[in-house]
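The values are calculated or read from the model by the stated rules, or taken from the named source; none is laboratory data. All of these numbers come straight from a predicted model, not from anything done at the bench. Here the Cβ is made from the backbone with ideal geometry for all residues, glycine too, and neighbour counts use every protein chain on show. Side chains are part of the model used for accessible areas, which takes the heavy atoms of the whole protein and leaves out ligands, DNA and RNA. Shrake-Rupley method; radii C 1.70, N 1.55, O 1.52, S 1.80 Å.
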Amino acid sequence: RMREVDLGCGKALLIKESGEFHAVGHKCPHYGAPLVKGVLSKGRVRCPWHGACFNIGTGDIEDFPGLDSLPRFQVKIEKEKVYIRASKQALQTQRRTKMMAKCISLSNYNLSSTNVLIIGAGAAGLVCAETLRQEGFSDRIVMCTMDRHLPYDRPKLSKSMDSHPEQIALRPKEFFCTYDIEVLTEMQVAAVDVKNKIAVFKDGFKMEYNKLLIATGNTPKTLSCKGKEMENVFNIRTPEDANRVVKLATSKNVVIVGASFLGMEVAAYLAERAHSVSLVELEHVPFKKFFGERVGRAVMKMFENNRVKFYMQTEVSELREQEGKLKEVVLKSGKVLRADVCVVGVGAVPATGFLKQSGINIDSKGFIVVNKMMQTNIPGVFAAGDAVTFPLALRNNKKVNVPHWQMAHMHGRIAALNMLAHGTEISTVPYLWTAMFGKSIRYAGHGEGFDDVVIQGDLDELKFVAFYTKSDEVVAVASMNYDPIVSKVAEVLAAGRTIRKRDVDTVVFLSFRTGDMSWLTGKGT
Amino acid sequence: GKDRIIFATKEDHETPSSAELVADDPDDPYEEQGLILPNGDINWNCPCLGGMASGPCGEQFKSAFSCFHYSSEEIKGSDCVDQFRAMQECMQKYPDLYPQEDENDEKSSKDLEAASMEASAAKEEEGSS
């Protein structure tokens with residue numbers, strides 16, 4: 001039902017659904033994935049790599065990641081032939097930035113007063129600002145961030161650690177000027193006065209707002225042991241952190257604390273560049289809580305084959321220095337590791353400390369509580385992204401925190417729509433990916449509390465799909481080299497359907513691999 | 001080579017929904033019929049089969065899928081290799097209806113994705129926006 005067609009100066013994706021033909025761009029605007037290998041369902045196509053969704057009628061982006069939509073081409077049927085008409089430019093760029101309004105009230109604004117104030121310039125903040133402009137909002141929008149840079153592609157920090165901020169900028173700086181989205185960098189909000197609608201900055205500056213979005217994200221946890229303040233011990237929060245680590249780690253000894261997404265990706269990136277890479281972890285396999293033991297073990301083997309050493313079921317007890325610089329990492333197990341650089345990836349806490357006295361409802365873990373429209377308990381105050389806990393329809397509206405890239409985008413969009421009183425409720429399936437050694441693990445759903453894992457394929461070959469179940473229901477799915485199963489399951493879940501444990505085999509059979517019989521002879525299950 | 005089947009392009013008057021798998025309540029007469037009928041039989045008209053049960057390779061597909069569905073082997077369907085092979089051979093004869101993906105295609109897709117993880121490749125995709 002989907003096919004790539006070459007129109008000379010570019011390709012198009014031709015789609016036939018319910019007897020109708022549509023033609024849109026063929027490459028995902030996010031990272032360029034071939035959409036023909038994605039999943040078509042109910043009027044939209046989902047990208048096989050990272051799950052972005054596009055409406056096949058309009059080309060508009062409906063789920064994320066990515067900021068741009070697909071160009072749409074004209075289709076005509078004449079005498080049993082399908083004709084596609086497309087502009088040369090659209091065929092070459094293969095992306096369409098949605099039309100956006102500009103600010104019309106610039107001339108009479110008061111410097112310290114804005115209509116919309118967005119605290120945080122990550123994915124949630126940026127998509128909120130862009131969505132407002134796409135919906136025709138033409139009043140003042142101010143984004144502020146503690147960071148030094150305009151919004152950048154955060155997932156790249158641990159996957160492409162050498163990237164400079166300009167290389168990974170989500171939009172060029174001209175974009176912000178063109179669409180009157182003001183970004184104040186290196187500005188920290190110290191408090192919010194919700195009664196008078198004023199944000200108070202650390203340097204004393206005060207800004208009045210009409211609508212507020214809090215999208216401050218997370219702050220990485222640091223080590224609590226002796227010597228943690230030493231030089232050359234890092235969290236990876238900014239491009240500067242990542243760049244500095246690479247410089248210090250090249251041909252040297254690296255110790256990484258924490259074997260989840262950040263730690264593992266950093267370990268993979270540095271494996272070829274450092275003299276040695278050691279991973280220290282409390283659990284006995286990496287990713288145990290997220291991907292389960294068997295998948296974790298298979299991934300661990302891949303890392304060990306790439307010279308990464310694991311020190312499991314232990315933690316750091318002390319950091320030792322020489323001439324002020326890190327020299328050794330001492331583990332509770334007694335082992336002493338030579339270390340020139342230490343990267344800490346042991347989780348994060350929401351950056352919401354500054355809201356303690358504000359009256360905004362924050363839960364016991366520090367997450368801002370919002371409803372399905374991203375509204376906090378205070379009218380006109382919205383929150384989005386990693387710092388938030390929100391009702392997930394997929395899990396019967398249980399309040400969850402999903403600190404991942406796709407969700408931050410979606411939150412930003414929903415918040416913007418509700419700032420404009422659209423009444424749109426969030427309805428999405430969490431989707432994330434992690435990439436190490438040129439391989440990706442894709443994941444969709446919310447697997448928290450899974451009690452069983454059904455695996456098909458070959459774990460040793462890293463060609464598998466894993467279904468995470470709770471009681472009889474599939475709550476999440478992960479895969480390596482088994483595309484587009486995760487996008488397929490994401491679409492089934494997005495349609496509100498339940499997948500029972502006993503149906504897993506059938507789902508796999510029907511999703512694509514009917515011709516590939518390797519999973520029959522493989523050692524998977 | 002590795003084959004990849006997408007749904008055959010034919011007129012489909014039913015609401016296309018690959019999400020319909022099993023009826024939530026087999027006793028409910030108003031429940032839309034999923035893949036498995038209330039009496040336990042396979043519903044060959046289920047939209048979730050994407051039309052594979054009909055067309056030139058319909059019989060081979062039904063044979064392979066039935067075998068798979070009733071298979072009680074530890075690796076489900078491992079006793080159906082012959083039926084799968086027959087289906088695969090049939091589908092290879094009609095590449096327009098059952099597009100085949102070859103190993104090179106799959107490899108280049110993986111290389112493309114690996115490259116996109118590096119900043120410079122993504123910048124290229126961004127173009128000069």
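Couple of notes before you dig in:
- For the range A:26-56, residues shielded by at least 20 square angstrom of accessible area compared with the chain on its own, probe 1.4 Å: A:K27, A:Y31, A:G32, A:K37, A:K42, A:W49
- Other-chain or far-sequence residues with amide H under 5 Å of A:M436's (modelled H): A:I441
- Chain A: relative contact order in percent, alpha carbon pairs under 8 Å with at least 6 residues between: 12
- Per-selection Kirkwood Rh - the range A:202-266 (Cα, Å, 1 d.p.): 15.0
- Scattering curve values for chain A, log₁₀ I(q)/I(0), Debye with Cα scatterers, q = 0.09 Å⁻¹: -0.70
- Largest first, the residues A:H149, A:H275, A:H409 sort by 1.4 Å accessible area into A:H275, A:H149, A:H409.
- Where the protein assembly as shown is the region considered: accessible area per residue in Å², 1.4 Å probe: 43
- Sorting A:E78, A:E272 by solvent-accessible area of protein heavy atoms yields A:E272, A:E78, largest first, with a 1.4 Å probe.
- Exposure of A:H284 as accessible area (Å², to 10), given a probe of 1.4 Å and all protein chains: 70
- Over the range A:301-350, the ratio between the Cα radius of gyration and 2.2 N^0.38 Å evaluates to 1.31.
- Table column - 3J(HN,Hα) (Hz), the range A:46-59, Karplus curve with 6.51, -1.76, 1.60, x for Gly and Pro: 9, 5, x, 7, 10, x, 5, 10, 10, 5, 6, x, 10, x
- Amide H contacts under 5 Å for A:F310: A:L279, restricted to partners 5 or more places along the chain or on a different chain, H placed in the peptide plane at 1.01 Å from N.
- Exceeding the 31 Å Cα-Cα cut-off - candidates A:K159/A:K325; A:K335/A:K501; A:K37/A:K173; A:K195/A:K399: A:K335/A:K501; A:K37/A:K173
- Global dimensions of the range B:51-102 from alpha-carbon coordinates: Rg and Dmax equal 11.5, 35 Å.
- Annotation: the range A:183-222 has a Kirkwood hydrodynamic radius of 11.4 angstrom, from the mean reciprocal C-alpha pair distance.
- Surface/4 estimate of mean projected area, convex hull on alpha-carbon atoms of the range A:438-521, nm²: 5.5
- Shown for the range A:75-107: residues covered by the partner protein chains by 50 Å² or more of accessible area relative to the chain by itself (probe radius 1.4 Å), namely A:R95.
- For the pair A and B, total buried accessible area rounded to nearest 100 Å², probe 1.4 Å: 5000
- Accessible area (Å², 1.4 Å probe, nearest 10) - A:V336: 60
- Rounded to whole Hz, the Karplus (6.51, -1.76, 1.60) HN-Hα couplings of the range A:79-94, x for glycine and proline: 6, 6, 10, 9, 10, 10, 10, 9, 6, 4, 5, 4, 5, 7, 7, 6
- Solvent-accessible surface ranking, highest first, for A:D460, A:D63 at 1.4 angstrom: A:D460, A:D63
- Taking all Cα pairs closer than 8 Å and separated by 6 or more residues, the relative contact order of the range A:2-93 comes to 23 percent.
- Per residue, the Cα convex hull of the range A:2-93 amounts to 82 Å³.
- Distant-in-sequence amide H partners of A:F64 (H built 1.01 Å from N, under 5 Å): A:C53
- With eigenvalues of the C-alpha gyration tensor scaled by 5 and rooted, the range A:268-333, Å: 24, 16, 8
- A:S105 accessible area, 1.4 Å probe, all protein chains in place, Å² to nearest 10: 30
- In the range A:233-346, Rg over Rh equals 0.95, where Rg is the alpha-carbon radius of gyration and Rh the Kirkwood radius from pairwise Cα distances.
- Rounded to the nearest Hz, the phi-derived 3J(HN,Hα) couplings of the range A:219-230 under the Karplus curve 6.51 cos²θ - 1.76 cosθ + 1.60 (θ = phi - 60°) are 10, x, 6, 10, 6, 10, 8, 5, x, 5, 7, 4, where x marks glycine and proline.
- By the Cβ rule of 4.7 Å, chain A holds the following cysteines without a possible disulfide partner: A:C9, A:C53, A:C103, A:C128, A:C144, A:C177, A:C225, A:C342.
- The range A:1-132 - percent of accessible surface contributed by carbon and sulfur, probe 1.4 Å: 49
- Low-density loop positions, trypsin sites (Lys or Arg not before Pro), the range A:346-381 - DSSP coil, at most 15 other Cβ in 10 Å: A:K356, A:K365
- Computed helical MRE - 222 nm, the protein assembly as shown, DSSP H runs ≥ 4 contributing -39500 (n - 2.57), nearest 500: -7000 deg cm²/dmol
- Beta bridges per DSSP with both ends in chain A, % antiparallel, nearest 5: 70
- Cleavage-rule hits, chymotrypsin sites (Phe, Trp or Tyr not before Pro), the range A:199-303, DSSP coil, Cβ neighbours within 10 Å at most 16: A:F205
- Counting Lys and Arg as +1 and Asp and Glu as -1 over every other residue whose Cβ lies under 15 Å from the Cβ of A:C103, the net charge comes to -1.
- Inter-label distance, nm, simple model (7 Å from Cα along the C-beta direction), A:F21/A:K247: 5.7
- Length, then width, then depth: along the principal axes, the Cα atoms of the range A:368-525 run 58, 34, 25 Å.
- Looking at the range A:1-89, the trypsin sites (Lys or Arg not before Pro) that sit in a DSSP loop and have at most 13 other Cβ atoms within 10 Å of their own Cβ are A:K79.
- Centre separation in Å (Cα based) which lies between the range A:1-53 and the range A:431-470: 25
- Based on C-alpha pairs under 8 angstrom that are at least 6 apart in sequence, the range B:51-102 has a relative contact order of 30 percent.
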